[in-house]
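Written below as structure tokens is the structure these notes are about.
The values are calculated or read from the model by the stated rules, or taken from the named source; none is laboratory data. Since the structure is predicted, the reported quantities are computational estimates derived from the model, not experimental observations. Here the Cβ positions follow ideal geometry from the backbone for every residue, glycine too, while neighbour counts run over all protein chains shown. Only protein heavy atoms, including side chains, enter the accessible area calculation; ligands, DNA and RNA are left aside. Shrake-Rupley method; radii C 1.70, N 1.55, O 1.52, S 1.80 Å.
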Amino acid sequence: MSLRLKIHLIVGLLTLLFLVVMLGLQLRSMRESVNEEVVAANRVASQFLNRTVWRYAAQGTPAVLGFLQGMGRVRSNDITLLDKQGTVLYTSPSSPYKPGRDAPDWFDALVAPPPALQSLDLPDGKLTVQANASRAVLDAWDEAIVLVFGAVVTLVVLNLLVYALVGHTVRPFGRIVDALNQLEAGRFDVVLPPLPGAEAGTIGKAFNRMVGMLQGHIETERRAVRAELQLSESRELTRWVDHQIEQERHLIARELHDELGQSVTAMRSMALSIAQRMRTLDPQAEQAARLIAEEASRLYDAMHGIIPRLTPLVLDTFGLAEALADLAERTRRSHPGAQIALQADMAGVLLGSEAALALYRAAQEGLTNALRHGRAQRVDVRLQATADGIVLELVDDGVGLATDWADKKGHHGLRWLAERVQGLGGSFELLPHSPQGVRLAVRLPMPAPRTEVAPE
């Protein structure tokens, strides 16, 4: 049911109720008026006849009959003269007022007063005066017809007027509904013009504000989606670049270890062999050969120092715990004044190559920052397998973090490390440690158990 029809029905019912109440009150007034008129007329007629008829009654019944015939019709009363035997000698004539018409019986019963009969005993007969409300009831009936007709006309005209006015008033709401349907269909550029009426105008302005805010939110969401997509693509590209760099590092390290290492070893061996042969023949050639052997040895040591920084070959061969032990030992040799304590408990967990390399790089970055920037004297490295995953923790006793370290330029290694760990589904924390120093914690999820494929 539409709002227009609801308002029309409400107004129509209220109007009908008002008219019914007014007709009821008017009907009550008619009944009281008819009763007052008829009863009063009957009382007056009875008193008049009671005083007058006795003067004629002494002259006999013919004199009374002549008097009644000469008096004629008395309003709202029926007069009857009876002799001693009960024979009707006289009945008052019918009323000439609205002859041939009477109100319906139900209306007569509703409006007419109770029957009133006055009786006067004469010496040789009886005179009765009975109230007759038919003409008064007929007047009330005619008036009621006029009232009902006027009420019906008023009800019809008022309802038509209300229907038209309500239709004109609620017409802007149709435009609002149409705009909402367009908005639901995906048209987010729909705008309502200024609408007539205080309520419709307020709703239209609120709708336009809502559409504007919705457009802003949609544009913000689109930008956020594009930014998230670009960030995701950037992270994927970064991971791919990191993977390619690690592959190249691994290849370079392998080439240095397998090819260049053997070549340098061979050069050192040949230089020593030449120096041994030239000891007695040519002392200068012997010295030159020994210089070549020493340079080859220094080159070999430098190369073996570069290889772990490029890629930990021991990680592929012996696992993460041994690789961390090798890293700790090399760090002790390069920093004699620092204490490096390592605790590694993998509980038999086998990590994937990416996860193991990420944890190794985290330990490598943490040790470098603690010794180089934090000027730490002791670093505790703990690797532990828990129910939640693999946890690597480094705690140092250095100078700690600056309050605005995250806002300063640099620290690219930590940012790269955090993105790398988050890309593997882990978490990265770098917090001050009490009483001094820094705590670095990296947590990676537990690797999924490997499924063994049965041989065919």
- Item | Prolate/oblate/rounded call for region 324-436, Cα gyration tensor, a/c under 1.5 rounded | oblate
- Query: What's the center-to-center distance, using Cα atoms, between region 77-126 and region 174-250 in Å?
  - Reply: 93
- Task: Over the chain, with every protein chain in place, what whole percent of the accessible area is carbon and sulfur at 1.4 Å, could you tell me?
- Result: 58
- Item | Rg/Rh for region 129-285, where both radii come from Cα atoms and Rh is the Kirkwood radius | 1.85
- Largest first and rounded to whole Å, the semi-axes √(5λ) derived from the alpha carbon gyration tensor of the chain read 131, 23, 19
- Of all C-alpha pairs within region 43-148, those more than 17 angstrom apart amount in percent to 57
- Message: Just to confirm a number: summing +1 for Lys and Arg and -1 for Asp and Glu over residues other than ASP102 whose beta-carbon lies under 12 angstrom from that of ASP102, what do you get?
- Response: -1
- Item | Degrees separating the helix 320-334 axis from the principal Cα axis of the chain, which is the longest one | 60
- Using a 1.4 angstrom probe with every protein chain in place, what is the largest-first accessible-area order of PHE173, PHE67? PHE173, PHE67
- Pairing the Cα long axis of helix 61-71 with the longest principal axis of the chain, what angle in degrees results, from 0 to 90 and rounded to the nearest 10? 50
- Note on the structure: Averaged per residue, the 1.4 Å probe accessible area of the chain, protein heavy atoms only, in Å², is roughly 63
